[in-house]
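Worksheet: one structure, shown below.
The values are calculated or read from the model by the stated rules, or taken from the named source; none is laboratory data. Because the structure is a prediction, the values reported are computed rather than measured. Cβ placement follows ideal geometry from the backbone for every residue including glycine, while neighbour counts extend to all protein chains displayed. Calculation scope for accessible area: heavy atoms of the full protein, side chains included, ligands and nucleic acids excluded. Shrake-Rupley method; radii C 1.70, N 1.55, O 1.52, S 1.80 Å.
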Amino acid sequence: ATQEIPQQILDAANRLFAERGYDGTSLQSIAEVVGIRKPSLLYHFSSKDILRRAVMTRLLEHWMEVLPQILAAANSGEDRFNSLVSEVIAFFQEDTDRARLVYREILDRPEELRDSMRASLGPWLVILADFIRRGQRDSTLLEGVDPESYIANVIQLIVGGLATQNVFGLWIDDETAIERQTKENGKQQPC
C-alpha cells in the first residue's frame, strides 16, 4: 500500500489542481483527500511545486510514450493525424481533470508549459507536421495550411473544449461537440 501512496497523491493533486488551481489548493487538502497526514505527503513530495511538476511530468510522459507508437503504427499522414486526434480526445475525455489542469497551466504558467511541451513533445509534433507538408507537396492535402499551427489549434480545441464542457456543454447530447467537429473536419483535414 505504501507504493500506491505516491500515485494516490498525484491523482488527488491532479484533481484538486484542476478544480481549484495551484494557488487555491493546499498540501493539507491533498493529504486529506488521500487520507494521510501532511508530513507523509511531504515525505513523498518535498514541496507543493515539486508535486505540481510531478503531476505535469506524468501527463507529458504519457504523450512521450504514445506519440511514437501512433506515428509508427499509422501508414499515412492522414492516419497519423486521425490517430493523434483520437488519442488526444480519448485521453482527455477519460479524465477531464487533465484537460482542466492543462488549461490552468496554459493560463498560469504559459512559458513553463510551452518549454516543457517543446522539450518532450516537440520532436514528435515536428514529425507529424512534416507528414502534413509532404502531403501538401504531393497535392493530397490542403495547401496554404500551416502544419504546426493546425496541429496546435486542433489540440487547443480539444483540450479547451473538454476543459470547459461543464460550462459550454449544456447543449451537448450523447456525442460531444468535439467528436462531431472531428468527424465533420475529417473530410476537410489537411492530412
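Observations, loosely collected:
- Only a single criterion out of (1) touching a helix residue (DSSP H, G or I) at 6+ places or on another chain (Cβ under 8 Å); (2) surrounded by fewer than 13 Cβ atoms within 10 Å (Cβ to Cβ) is not satisfied by residue 131, namely (2).
- Within the stretch 1-65, helices (runs of 4 or more DSSP H) holding 2 or more residues that are basic (Lys, Arg) and either open to solvent by 20 Å² or more (accessible area, probe 1.4 Å) or free of Cβ contacts under 8 Å to residues at least 60 places away in the same chain (or both): 4-20
- Any hit, the stretch 2-16, residues being over 23 Å from the mean Cα position of the chain (by Cα), farther than 30 Å from residue 166 by Cβ and at pLDDT below 95: yes
- Comparison of 175, 111 shows that the only residue that is out of contact with any His (no Cβ under 9 Å at 6 or more places or on another chain), modelled with pLDDT of 90 or more and open to solvent by 30 Å² or more (accessible area, probe 1.4 Å) is 111.
- Qualifying residue in the stretch 70-83 (condition: in a helix (DSSP H, G or I) and either among the hydroxyl-bearing types (Ser, Thr, Tyr) or at pLDDT 90 or above (or both)): yes
- Among the residues of the stretch 120-164, those identified as over 24 Å from the mean Cα position of the chain (by Cα), of a type outside the set (S, T, N, Q) and either under 11 Å from residue 84 (Cβ atoms) or not in a helix (DSSP H, G or I) (or both) are 138, 141, 142, 143, 144.
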